[in-house]
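Engineer: Once you've had a glance at the structure underneath, I'll fire off some questions.
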Amino acid sequence: GSDFCPVLMDGKLVFVSGRLNRFGVVYSDDQEVLDIYECAQSDSIRFTAPRSISRRLNSRFNDGPVTFSTDRSWMIFSRNTNQGTPVREGSDAENRLQLYMSHKTGKKWSVPAPLPFCLPEFNYTHPCLSADQKTLVFSSDMAGTAGGMDLFASTWENGAWSAPVNLG
């Protein structure tokens, strides 16, 4: 399966992979199901065998890519919502991508919650946090895009993410 979007964090390599997952889901068109994996760094060039980052984070559908807070206490990642029915004419019924947030307490990740600005009729994917963690940049096909998928930014203000602004 495909392996991509690596993040080296605290001696671990976190990445998205289409390798066979714990659910054994295989689409009829041989499309990979993506999950988030991690492996510990053994030395300067080797890592342990990859394992699922968390059963709470990896669903039966596509999960990832992911971005982490600098202290790795929370993350934002993409996930399929599997709506089941089209929400606008010409849209995919089961492949809407939304951004989810999860917090880590001890060694466990919380149940992911969608970011409040995500609307079910649009895709939101490839999140990336700024170094100061106050700006979230991501790709979306929200209304008003110039090329189908544009870059958008949301800022952390008063304890919440702001309405996204198109950067393109």
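Engineer: Pairs needed: first member in region 104-117, at positive phi; second member anywhere, assigned to a loop (DSSP other than H, G, I, E, B) and buried (at least 18 other Cβ atoms within 10 Å of the Cβ); C-beta distance under 6 Å; at least 6 residues apart or different chains.
Structural biologist: none
Engineer: Next up: Can you name the residue in region 94-108 that is of a type in the set (A, V, I, L, M) and closer than 16 Å to SER69 by Cβ and is also surrounded by the most Cβ atoms within 10 Å (Cβ to Cβ) among such residues?
Structural biologist: Looking only at region 94-108, we keep the residues that are of a type in the set (A, V, I, L, M), and these are 97, 99, 101.
Now narrow it down to the ones that are closer than 16 Å to SER69 by Cβ: 99, 101.
Values: LEU99: 26, MET101: 18.
The extreme case among them is LEU99.
Engineer: Of all residues in region 118-148, count the ones that are on the phi > 0 side of the Ramachandran plot and part of a loop (DSSP other than H, G, I, E, B).
Structural biologist: Residues that pass the stated criteria total 3.
Engineer: So which residues in region 35-84 are surrounded by 20 or more Cβ atoms within 10 Å (Cβ to Cβ) and on the phi > 0 side of the Ramachandran plot?
Structural biologist: The answer is GLY64, and nothing else.
Engineer: So, one more: How many of the residues in region 1-43 are modelled with pLDDT under 85 and of a type in the set (Ser, Thr, Tyr)?
Structural biologist: Of the residues in region 1-43, 2 are modelled with pLDDT under 85 and of a type in the set (Ser, Thr, Tyr).
The values are calculated or read from the model by the stated rules, or taken from the named source; none is laboratory data. These numbers were taken from a predicted model, which means no experiment stands behind them. So basically every Cβ, Gly included, is an ideal-geometry build from the backbone, and we count neighbours across all protein chains shown.
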